[in-house]
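The values are calculated or read from the model by the stated rules, or taken from the named source; none is laboratory data. A quick note: this is a predicted structure, and the numbers were derived from the prediction, not measured. Heads up, the Cβs are rebuilt from the backbone with ideal geometry, glycines too, and the neighbour counts pull from every protein chain shown. The area values use the complete protein model at the heavy-atom level, side chains included, leaving out ligands, DNA and RNA. Shrake-Rupley method; radii C 1.70, N 1.55, O 1.52, S 1.80 Å.
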Amino acid sequence: MKSSRLVPWLYTLPLFALVGAVFAYPLAQLVRYSLENVGGSPYLPTTFAGTSNFRYIASDSLFQTAIKNNLKLFLCVPVLVAVSVLLAALIFDRPRGWKVYRTVIFLPYVLSIPVVGVVWGYMFRLNGVVNSGFRSFGLGFAAQDWLGSTSWALPTIMFVIIWKELGFGVILCVARLTSVDEQLFEAARVDGARWWRVFRHITVPQLAPTLLFYAIVELITMLSWVFAYVYVMTLGGPQNSTVVTEYYIYEAVFQNNTIGVGAAAGVILLAIVSVFIGLRFWITRTASLAFE
Amino acid sequence: MNRIHRRAIKLAAICGTAGAIAIGSAAAGTSGSESGSTASATERGSQFDVSKAGNVTLTVWWLGNQEVPGIEGWMKQTIAKYHALHPNVTVKTVVQSTDTWTTTQKTACKGRTGPDIWYNWAGTWSLEQVWAGCTVPNESVLSPADLAHVKNIDETRWGGKSWVYPLYRFIYPVVYNKSLFQKAHLNPNKPPANWQQFIAACKKLKAAGITPIALGLKDGFGGEILGSATFQKQLFSSYRNLVQLVVNGNFTSPLWKSWITRAAQLKPYVNNDVNSIAFGDGLSRFEVGMAAMVFGTPGVQATIAQMVKAGKKVSVMKPPVFGGGSYANSLVNTGNGFQVTSWSKNQSTAGSFLAYMHTPERLTALYAQTGNFPADDRWNPKQAKRPTDRLMLGWLAQKRVYYPANYYPTDLDVNGNFVVFQGLLGGKMTVDKAAQTYQSVITKWRKLHAAELQNYKKWAG
């Protein structure tokens, strides 16, 4: 009897081992490094650092800038959500050529970030296509050094992120709308509701769980998936004005040889992202319960 | 030169322990190599009997044409010739990306796996790998005769050993367009020699509607190259002082600020989009005649050759002098080359291959195929016929001055030079703020790198 209870655990052991190797071991290593001055040679010995790496990043102005920039990137999320739902509603009305619009909107999402970054990087130069366009329309005053000035570089990256990530939100919303009972919309229209009223009282409420899910995913993206944009478009510059937490980690580990500091920043980033991941699971669970 | 040699000897005496470790690890590395026998000093590098090694495959990681256009063809030829001499040895090369190069090296080193030989820049870039235990000293894989001909090994001398075997030299002149100088009524055959003359020339060029200097700072390297090769070197007569500055100096001192003040004066004379274009883009603008001057960069000889071929009249000058250090009036050079990794099982053969790259025939071919100056006195400089090359070789022969950025931590480069130049020339950063930026970076660095700081102390002697 006792041995039969152990059998299922025995069967699941390989899976536990796999999960342990893939996730637990790297995580444990990350935490270990965060508590060490990592060296590994007679010239640079590894020593226990306690919490000094965490105390260091807490006082490091560059890390504070990085965190602030991640928080500023959060501003992309309401924009993404609002524009996604609006465009999805317009496409769901199936105007002429709606399939083309849908494809065009989704296209940036499937492009690789380096490609997007390089192309927009060229376009946003001081003497690039965007400013040339402004100048040729007599709007020279609007021309800015988009990626070369400390005040414009981050908003410009935010614009590119929104441009790229929008397609995902639109497709999510359109997919959800197609599963909503058509009678709801019909009934509203029969009752004399115009487009805006239908949008406000039917479309948006029906999309609420999807939008929440999308918002959480995008918040996670703004925290831990923006490295490539920054690396390709600005390398954290000018004057470190676009450094985000991921870039800070990269710089600490690979440029400045402070693996412990990078790991400590990684632990903090992981902790914040974990909260959002938990939130995402909770929302998914709550939404599915609501549907049941 | 003598000063550096003396420093090396003194360092060797002071760093007895470190030296012993280095020798120990080198010996361990060699004894575990191909034949299992320990190679004596006379059996290393060119003296090593490769036939003893058995069948060996050497892997080389490097940056190929990204660093020196045309060098991949030369390497292919070198490998073929070496294989013809030593059929038991096969050499495989892997071109890595410059952008991720240090990352790739650190990852390989952490896993103790990777190539037998890798490319590296001199100074700190190489020493950071040394301190992480990734490479062995030249002395354990090359013979004294192999080393005696390569003066640039002094640039990466630490703990009584040299740690990179330079193949070619990067040089950093100011390149100027003679036609545009003429257009601005400047004497194209008498370029500005000191700072006042340089600024006066910039004013005249600007007044003539010509962009005086083309520069791109987006990727930061422009800040490093300009700051290091043009400005910072002028403060010193020995880089031991620069290393000492890293150890416990003050970067807000009037001396350090003296070069920042000059650098800030360039702002009206560089293109207005410095922060939105990369260093290479600035160079391209100069090449097509959109600016009168450009601060030289690795591969500058190839740029000049192309421009001359296209019918442009270009020449070179030394960076304009303002400083009081004996390095002020000089042309900076840095020797880049190869290191043998500490985990390689073929260290002796690797040393033999490195030595083969330095045979006179290969050095002649290197200059012929790339235009870069070999870092070896077995190369005959008379091979250089281009007037600009002859000028630069003359300056290099006068004084051997290395690249200052090779003597301080990468952090000071990335968060110091990169940031400061973006701020000074593309933003609104003041001289005081720039100096504080350097000080703040070095203060943080000292706090975080206690063990590395000890290595710098040894370096400073």
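Annotations for the structure displayed:
- Rounded to the nearest 100, the interface formed by chains B and A buries 3200 square angstrom of accessible surface, both chains summed, with a 1.4 Å probe.
- For the range A:40-150, the Cα-based Rg and Dmax, in that order, read 22.4, 71 Å.
- Burial of 10 Å² or greater, the range B:217-262 residues [accessible area, probe 1.4 Å, versus chain by itself]: B:218, B:219
- For the range B:161-171, the Karplus equation 6.51 cos²θ - 1.76 cosθ + 1.60, evaluated at θ = phi - 60°, returns couplings of 10, 10, 10, 9, 10, x, 9, 9, 10, 8, 10 Hz by residue, with Gly and Pro reported as x.
- Top of A:45, A:114, A:78 by mean-square fluctuation, Gaussian network on chain A, Cα under 10 Å: A:45
- Listed residue pairs exceeding 18 Å between alpha carbons, taken from B:178/B:203; B:106/B:161; B:178/B:309; B:203/B:267; B:178/B:312: B:106/B:161
- Contact order, relative form, for the range A:1-107: 11 percent (alpha carbon pairs under 8 Å, 6 or more residues apart, mean separation divided by residue count).
- Loop sites by DSSP among the trypsin sites (Lys or Arg not before Pro) of chain A, restricted to those with at most 14 other Cβ atoms within 10 angstrom, leave A:195-292 as the longest stretch without any of them.
- Pairs of Cα atoms nearer than 8 Å and 6+ residues apart set the relative contact order; for chain A it is 27 percent.
- A viscosity of 1.567 mPa s and a temperature of 4 °C, combined with the Kirkwood radius over Cα pairs in Stokes-Einstein, give a translational diffusion coefficient for the range A:28-291 of 62 µm²/s.
- Entries of B:313/B:428; B:183/B:318; B:345/B:458; A:99/A:164 with Cα pairs more than 24 Å apart: B:313/B:428; B:345/B:458
- Global size of the range A:140-290: 20.7, 67 Å for Rg and Dmax (C-alpha atoms, Rg to one decimal, Dmax whole).
- Atom-type composition of the exposed protein surface of the protein assembly as shown places 63 percent of the accessible area on carbon and sulfur (1.4 angstrom probe).
- With contacts taken as Cα pairs under 8 Å and at least 6 residues apart, chain B reaches a relative contact order of 27 percent.
- Think of each Lys and Arg Cβ as +1 and each Asp and Glu Cβ as -1; about the Cα centre, that makes the dipole of the protein assembly as shown roughly 1700 debye.
- Angle in degrees between helix B:387-398 and the longest Cα principal axis of chain B, rounded to the nearest 10: 70 degrees
- For the range A:253-292, a decrease in accessible area of 50 Å² or greater in the assembled protein chains relative to the isolated chain, with a 1.4 Å probe, applies to A:254, A:255, A:256, A:257.
- Cα long-axis angle, helix B:71-85 against chain B (0 to 90 degrees, to the nearest 10): 20 degrees
- Accessible-area order (highest first, 1.4 angstrom probe) of the listed residues B:294, A:19: A:19, B:294
- Accessible area of the range A:147-292 divided out per residue, in Å², using a probe of 1.4 angstrom: 44 Å²
- Electrostatic tally near residue A:213: other residues with Cβ closer than 13 Å to its Cβ, Lys and Arg +1, Asp and Glu -1, net +2.
- Only Lys, Arg, Asp and Glu carry charge here, each on its Cβ (+1 for the first two, -1 for the last two); on that basis the range B:140-201 has a dipole of about 260 debye about its Cα centre.
- Distant-in-sequence amide H partners of residue B:94 (H built 1.01 Å from N, under 5 Å): B:60, B:61, B:62
- The range A:63-90 residues near the modelled residue A:195 label - backbone nitrogen below 18 Å, point 7 Å along Cα→Cβ: A:82-90
- The 3J(HN,Hα) values that the Karplus relation (6.51, -1.76, 1.60; θ = phi - 60°) gives for the range B:350-367 are, in residue order, 4, x, 4, 5, 4, 5, 5, 4, 9, 5, x, 5, 5, 5, 5, 5, 4, 5 Hz. Gly and Pro appear as x.
- Table column - 3J(HN,Hα) (Hz), the range A:5-17, Karplus curve with 6.51, -1.76, 1.60, x for Gly and Pro: 6, 7, 4, x, 5, 5, 5, 7, 4, x, 5, 4, 4
- The contact residues of the range A:122-157, meaning those that lose at least 30 Å² of 1.4 Å-probe accessible area when all protein chains sit together rather than their chain alone, are A:125, A:126, A:127, A:145, A:148.
- Accessible area per residue for chain B is 35 Å², calculated with a 1.4 Å probe on protein heavy atoms, without ligands, DNA or RNA.
- Candidates A:287, A:239, A:204 compared by Cα position along the dipole of the range A:28-291: farthest toward the positive end lies A:204, with charges placed on Cβ.
- Nearest-10 value in Å² for the accessible area of residue B:430, using the 1.4 Å probe: 80 Å²
- Proximal charge balance of residue B:431 [Cβ under 10 Å; K/R count +1, D/E count -1]: +2
- Neighbouring Cβ atoms from other chains, within 10 Å of the Cβ of residues in B:441-449, number 4 on average.
- Most to least packed among B:417-423, A:223-229 [average Cβ atoms within 10 Å]: B:417-423, A:223-229
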